[in-house]
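The values are calculated or read from the model by the stated rules, or taken from the named source; none is laboratory data. Only a predicted model underlies this, so the values are computations on that prediction, with no experimental measurement involved. Cβ placement follows ideal geometry from the backbone for every residue including glycine, while neighbour counts extend to all protein chains displayed.
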Amino acid sequence: MRSKHPSSGPQNLLTDAQQTFLYAACFYPYVRIIMEQACVFGACKCFFLPGYIPGCEESLSRQQVWSGLVGLPASPAHCPVSIHTMQHHSALSHGAAAPWQSPTASSMARSETQPSHAHPDRDYHPQPGGGRGCLTRCFALPSAGYRYNDLVSPHYLTMIANLSGCSAHRRTPNCSDICFHQKYRTHDGSCNNLQHPMWGASLTAFQRLLKPAYQNGFNLPRGFSLAEDGRDLPLPLPRLVSTAMIGTETITPDDQFTHMLMQWGQFLDHDMDQTVAAISMSRFSDGAPCSEVCSNDPPCFSIAVPANDPRVRNGRCMFFVRSSPVCGSGMTSLLMNSVYAREQINHLTSYIDASNVYGSTEQESRELRDLSGRKGLLKRGRVVPSSGKHLLPFAVGPPTECMRDESESPVPCFLAGDHRANEQLGLTAMHTLWFREHNRVATELGALNPHWDGDLLYHEARKIVGAQMQHITYAHWLPKVLGEAGMKMLGEYKGYNPNVNAGILNAFATAAFRFGHTLINPILYRLNETFQPIRQGHIPLHKAFFSPFRIIQEGGIDPLLRGLFGVPGKMRVPSELLNMELTEKLFSMAHSVSLDLAAINIQRGRDHGIPPYNDFRVFCNLSSAQEFEDLRNEIKNLEIRENLYGTTKNIDLFPALMVEDLVPGTRVGPTLMCLLTTQFRRLRDGDRFWYENPGVFTPAQLTQIRQASLARVICDNSDHIQQLQRDVFRVASYLQGMVSCEDIPAVDLRLWQDCCEGEEGMLCH
């Protein structure tokens, strides 16, 4: 039963693992795919079928594997047991973990685990007309009901789970240092809720309001293939929806709110959620880059370009890869002796905790900290000569997207708490402001408390910075987005509720909060001290992506900041949604076919199994739309209402939320308002360190936190800005609507001075 193997690698583990793999390949075909993917991820050092899996260096041939390990014929030609036979005896429909059937088993046969371009040596070969096929290379089994855990021993199942990397993700945090956890957050969000320490933590699954909607009920995106039920109409291509309903060249300026409304929304989003993409950007089957192929072979899920597309002439698809599933969901759930639909991973902590400044893991936080002194500072980059203030440090490592063209951009990406800090220049300017704010607060706290060590200074400054972000979001930003009606729906804060899970909802991250894309101007304005264009001029958005060199060489962050609070934002008009810079030129310098943000959003929703719009209407106590006419109260425009989707039950969530008519006094429609208030209520009520929760700050300190404003942060941390409006989210004219920074209230940090004489409002460490 054992085979000889090259000297590289531990021989006993290798042969055990190979045997396990072969048993799984015969009796449980989906395990084989999981392990192939694990090999691509580098989790198992390519122990399995190394002649087949891309990137493996072992020389063991397929024939050696098959014939040498378990005594199978070198070239077995037949397999008498079909998946269909197995399905008849499956207990899955009763909740048992059987590998042969899903709620729609014929759909699963064409799922991510069964690439359409099957390799000649693969075990499963789909047959026309129903997804039934033969498990070649398998033993002749009697026609009896087999479950994978009958056929593969617990020892081997445990080994597969370990080698796939899933077991490592089942971490249990240590919350025993209660002295620390009573006062400060962890960087990964764990131990916030002491009864449920992983609620809201980074690298955990998104939450669901409604059960996921996959084409096969398990892991296959809606629209992955033509509808199997002839009564169903196929979903329209995401790119077609984008060009017909969403993309616009016409922009209506917002008469109330500045472009900073959009920019704070993006910065805030990058504090709360980031979906983990597939680790490999190439097909698991043959290693072909997803950017060069138009296929749905995992992890690729290319966005098809319809015929007669108004822009794309020389390409059939746009690049897209599926999000990584949580270990223990989708196919890997079967390894865990259970069946769970595919769920996706939030890379960040859910809480509004300034993780975009400090990172979402302990390791990230240490990479960002300046540990050389006892000052509690974050690492600093080069100095701006005119102000003496620091830019963000540069990221280290191989060249990044910021250096895609060294003739134009010889400057590497900046390093910040979120990996997307360089995505566009306005966002980079915000990251610069808040990194400076931490160092400013830490430095002032150090002067007030010279006996504090670096760790204490760091954590106290981090606590203050996170609280300021919470206050700006809920007191200044959300009221403009949600209006009076939405804030009433959100409700007043009544204290911490340990029974509320503050995790980010999948529908929020994948559809609802992407409403901010409709607020983006196609131009980033850059203004001088008198709010006139700088010498280098304004910049089209597609030239602002991953361009940190423009901050260093073209005037720093001040012109960008003035362009955000000194210029009206883009008004949300149902017929003017995403500007063409986002739908026709997204990351045009990095892709042969420019991407389309609207199409990406729709495709991502399907990838994540986000239920259709109609389901969320019902959740939000709106009527269930049986006919398009039933949408008339929320989507008045008839052309928009009946465009593209053949039935109301097909309508994707993202585009529907975008075309809903705005509730008067808000920037959102009724369903979107419902989803946003649901999420922001959970983020507030389920956060033990919420700034208004009694005991997080003293009453005197809380009074000071409530003085915080984004205007004050700009005054303290820009290079030279001295004139701005008190509320940088509201449109104001220069100079009439602006005031001096001296007139903007500031947080008085003297209330954090360590004093043990018992004075009210003082700290005593």
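Could you figure out which of (1) part of a helix (DSSP H, G or I); (2) of a type outside the set (Lys, Arg); (3) buried (at least 20 other Cβ atoms within 10 Å of the Cβ) isn't true of residue 257? Single failed check for residue 257: (1). When restricted to residues that are crowded, with 18+ Cβ neighbours inside 10 Å and in contact with a Leu (Cβ under 6 Å, 6 or more places away or on another chain), the stretch 692-712 contains 3.
Here is a yes/no grid of residues against (1) outside any loop (DSSP other than H, G, I, E, B); (2) at pLDDT 95 or above; (3) β-branched (Val, Ile, Thr):
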{"site": "392", "(1), (2), (3)": "no, yes, no"}
{"site": "396", "(1), (2), (3)": "no, no, yes"}
{"site": "405", "(1), (2), (3)": "no, no, no"}
{"site": "412", "(1), (2), (3)": "no, no, no"}
{"site": "421", "(1), (2), (3)": "no, yes, no"}
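Residue by residue, here is whether (1) assigned to a loop (DSSP other than H, G, I, E, B); (2) of a type in the set (Lys, Arg); (3) touching an Asp or Glu at 6+ places or on another chain (Cβ under 9 Å) holds:
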site	(1), (2), (3)
610	yes, no, yes
617	no, yes, yes
621	yes, no, no
643	yes, no, no
654	no, no, no
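What helices (runs of 4 or more DSSP H), lying completely within the stretch 482-568, carry at least 1 residues that are crowded, with 24+ Cβ neighbours inside 10 Å and not basic (Lys, Arg)?
Passing ranges, in order: 506-510, 558-565.
Of the residues contained in the stretch 226-243, one or more are found to be crowded, with 22+ Cβ neighbours inside 10 Å and in contact with a Ser or Thr (Cβ under 6 Å, 6 or more places away or on another chain).
Checking the condition aromatic (Phe, Trp, Tyr), at pLDDT below 95 and in the same structural domain as residue 428 (by TED's automatic domain parsing), which residue from 691, 734 passes?
Step by step, each of 691, 734 is checked, and only 734 is aromatic (Phe, Trp, Tyr), at pLDDT below 95 and in the same structural domain as residue 428 (by TED's automatic domain parsing).
Take the residues of the stretch 277-291 that are touching a residue at least 40 places away in the same chain (Cβ under 8 Å) and buried (at least 16 other Cβ atoms within 10 Å of the Cβ): which is farthest from residue 523 (Cα to Cα)? Here the residue is 285. Considering every residue within the stretch 257-273, establish whether at least one is modelled with pLDDT under 90 and over 21 Å from residue 507 (Cα atoms). No, the stretch 257-273 has no match at all. Taking the condition surrounded by 23 or more Cβ atoms within 10 Å (Cβ to Cβ), touching a helix residue (DSSP H, G or I) at 6+ places or on another chain (Cβ under 6 Å) and basic (Lys, Arg), does residue 681 pass? Considered against the rule, which asks whether it is surrounded by 23 or more Cβ atoms within 10 Å (Cβ to Cβ), touching a helix residue (DSSP H, G or I) at 6+ places or on another chain (Cβ under 6 Å) and basic (Lys, Arg), residue 681 comes out as no.
Checking every residue in the stretch 687-703 against the condition of being of a type outside the set (A, V, I, L, M), part of a loop (DSSP other than H, G, I, E, B), within 29 Å of the chain's Cα centre (by Cα) and closer than 19 Å to residue 426 by Cα gives zero matches. Within the stretch 313-348, the set of residues being touching a strand residue (DSSP E or B) at 6+ places or on another chain (Cβ under 9 Å) and surrounded by fewer than 18 Cβ atoms within 10 Å (Cβ to Cβ) comprises 316 only. Within the stretch 436-455, the residues that satisfy the criterion of being surrounded by 19 or more Cβ atoms within 10 Å (Cβ to Cβ) and in a helix (DSSP H, G or I) are 436, 437, 438, 439, 441, 442, 445, 446.
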